[in-house]
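Participant: Below you will find the structure I want to go over with you.
The values are calculated or read from the model by the stated rules, or taken from the named source; none is laboratory data. Given the structure is predicted, the values throughout are model-derived calculations rather than measurements. Heavy atoms of the whole protein, side chains included, go into the accessibility calculation; ligands, DNA and RNA do not. Shrake-Rupley method; radii C 1.70, N 1.55, O 1.52, S 1.80 Å.
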Amino acid sequence: MKILVALKRVVDYAVKIRVKSDKTGVETSNVKMSMNPFCEIALEEALRIRESGLASEVIAVSMGPTQCTETLRTGLAMGADRAVHVASDAVLYPLSVAKLLKALVEIEKPGLIILGKQAIDDDCNQTGQMVAGLLRWPQGTFASKVLLDKEKQVATVEREVDGGLETLSLDLPAVITTDLRLNQPRYATLPNIMKAKSKVIKKVTPEELNVEIKSDLEVVEVNEPPKRKAGVIVSSVDELIDKLKNEAHVL
Ligand code: AMP
C-alpha cells in the first residue's frame, strides 16, 4: 500500500508575522519558511506505518512555487521514498489543493492520504475534508492515534473532539488529518539531508493533471490584529466584578 502525504510550505512557526505595507497579505520575502508542523506529524505517521511493514511506499507532495521543493527535500531527508511537486505560482486555496490531490490519487492510487489538520498560515482546516469529499473516501480528522489492520483493510482512528476521544473505524482507502498529539516527528539527520539533495523530485503542473486553478475567493485586505491593552491588577473581588459589569460589560 502507498501512502500519500501532503506537505505545505509555510512561514516558520517561530517567525513573528508581519503584514505587507500595502495590506495585500503577509510578508514572506526574507522570512524563514518551513514545513507546516502538522504536515511533519503527517509524514512521521506515514513513515512509522511504512516502518511497521504496513505500507510499501511514502510519497510526499507539495503544491506551490519552486521553493516547495525545499520542503519536499526535508520530507525526503526525513524518510519519504518519493516526492512530487505540483508547480504553480497561483494562490492555492484548499479546494484547489484538494482537486490536485484527487488528480494525483488517480495516478498514484494510494491506500491512505495523510494531511495536517490545518496549515498554520491560513488556518483553514479544510483540505483533508474536501479531498475526502471529492474522492468519497471515509475521513478521520484530528487523529491523535492511528492503527492499521492490513488484513481487514481498516484504519482505526482515535480523534480529539470537544467531549473527549472518539474512535472511528475507516475502510481503506481513507483520508486522515493529524492532530498535535499523534506523534513527535523525527529530525532529518545530516547524512540524510545530504542524500536528499541528489534525489529527483517529480514536477507536474495543474494543467498536466487537468485541474483548473480558480477560486471564488478574493482577499480584500489583511490587517494586524488590534494591539492588546495592558492588564490591570484589581485589589478585591468587588472591584473585579465592578469592572466586569461596568467596563467590560460581560456580566
Ligand atoms: P488547510 O486546509 O489549508 O488548513 O491545510 C490542511 C492540510 O492540507 C495541510 O496541513 C497540508 O497537509 C495540506 N495542504 C494544504 N495546502 C497545501 C499545499 N499547498 N501543498 C501541500 N499540502 C497542502
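Participant: Based on the alpha carbon coordinates of the range 75-145, what radius of gyration and maximum Cα-Cα distance (Dmax) apply, in Å?
Facilitator: Looking at the range 75-145, its Cα Rg and Dmax stand at 12.6, 35 Å.
Participant: Of the candidates Leu92, Leu112, Leu43, which one comes out as most mobile in a Gaussian network treatment of the chain with C-alpha springs shorter than 10 Å?
Facilitator: It is Leu92.
Participant: Residue separation times 0.36 nm, minus the C-alpha to C-alpha distance between Leu134 and Tyr187: what's the value?
Facilitator: This chain segment gains 15.8 nm when fully extended.
Participant: Report, for the range 2-222, the % of DSSP beta bridges that are antiparallel, rounded to 5.
Facilitator: In the range 2-222, approximately 40 percent of DSSP beta bridges are antiparallel ones.
Participant: Something else now. Considering the Cα trace of the range 2-222, what is its radius of gyration and what is Dmax, both in angstroms?
Facilitator: 16.9, 56
Participant: Please determine, in degrees from 0 to 90 and to the nearest 10, the orientation of helix 94-108 with respect to the longest principal axis defined by the Cα atoms of the chain, where the helix direction is its Cα long axis.
Facilitator: Taking Cα atoms only, the helix is inclined about 20 degrees.
Participant: Counting heavy atoms of the protein chains only and a 1.4 Å probe, report the per residue accessible area for the chain as a whole number of Å².
Facilitator: With the other protein chains kept in place, the chain gives 58 Å² per residue.
Participant: Within the chain, what whole-number % of the accessible surface is contributed by carbon and sulfur, with the 1.4 Å probe and all protein chains included in the calculation?
Facilitator: Of the solvent-accessible surface of the chain, carbon and sulfur hold 52 percent.
Participant: What relative contact order, as a whole-number percentage, does the chain give when Cα pairs under 8 Å and 6 or more residues apart are counted?
Facilitator: With pairs under 8 Å counted, the relative contact order is 23 percent.
Participant: Still on this structure: Taking all pairs of distinct Cα atoms, average 1/r, flip it, and tell me the Kirkwood hydrodynamic radius of the range 1-98 in Å to one decimal place.
Facilitator: One decimal place: 14.4 Å for the Kirkwood radius.
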